[in-house]
Amino acid sequence: MNSILLFQSIRTKARADFSRSPGPGGQNVNKVNTKVTLRIHLDDLAGLSEDEQKRLRESLASRITTAGEIVISASEERSQRINLERAYSRMEALIVNAGRLPRTRRATKPSKAAREERLRAKRLKSRKKVERSYKPDTT
């Protein structure tokens, strides 16, 4: 993954739409379009290999629209510029994390102490349940 090329393509190809924000701002919130909705088409992303594109489509399947766009919104701040920067950084982080290869799991075994502790806990629980059981005297 060529990060610099990817970040440049996000900054140049993404389309930003602005609307009124439901966040803080008092009466100002009714007048100023501070909410940012950032959209980018997956085919416009440069710097990704075919495998990374495939992983991106699989891992972000629920976030991709039918038009093939990823949509991010930011409306926490009262400033349009700050919300725009937050949306760009979220988009970049989302794409980088989705395109990354997952770590391969290495099989491990529990230590001897862990196995002994598990068996000790099982014995204690078993003993507790035996002591709870009611057995009437039949003598």
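The values are calculated or read from the model by the stated rules, or taken from the named source; none is laboratory data. Note that the coordinates shown come from a computational prediction; the quantities given were computed from them, not determined experimentally. Positions of Cβ are generated from backbone atoms using ideal geometry, with glycine treated the same way; all protein chains shown enter the neighbour counts. These area figures cover heavy atoms from the full protein model, side chains too; ligands, DNA and RNA do not enter into them. Shrake-Rupley method; radii C 1.70, N 1.55, O 1.52, S 1.80 Å.
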Let me see the P(r) profile for the range 88-139: every Cα-Cα distance counted, bins of 5 Å, each bin given as a percent of all pairs. 4, 14, 9, 9, 9, 7, 7, 8, 9, 8, 6, 4, 2, 2, 2, 1, 0
Under 16 Å from the Arg78 label point (7 Å along Cα→beta-carbon), backbone N, the range 29-64: 29-35
Computed FRET value (nearest 0.05) for Ala121 with Glu58, which takes r as the C-beta separation and R₀ as 41 Å: 0.55
Once you place label points 7 Å from the Cα toward the Cβ at Gln8 and Val71, how far apart are they in nm? 3.0
Can you work out the accessible area per residue across the chain, with the rest of the protein chains kept in place, probe 1.4 Å, in square angstrom? 74
Out of the total accessible area of the chain (probe 1.4 Å, heavy atoms of protein only), what percent is carbon and sulfur? 50
Counting only C-alpha contacts under 8 Å and six or more residues apart, can you give the relative contact order of the chain as a whole percent? 23
Which angle between 0 and 90 degrees, to the nearest 10, do you get for helix 50-59 versus the longest principal axis of the chain when only C-alpha atoms count? 60
Modelled label-to-label distance, Val96 and Arg20, 7 Å Cα→beta-carbon offset: nm? 3.6
Pairwise centroid distance, computed over Cα atoms, of the range 55-74 with the range 80-116, Å: 18
Could you tell me which label, among (1) 1.39; (2) 0.94; (3) 0.97, carries the value of Rg/Rh (Cα atoms, Kirkwood Rh) calculated for this structure? (1)
What distance in nm separates the simple spin-label points at Val130 and His41, each placed 7 Å from Cα in the Cβ direction? 7.3
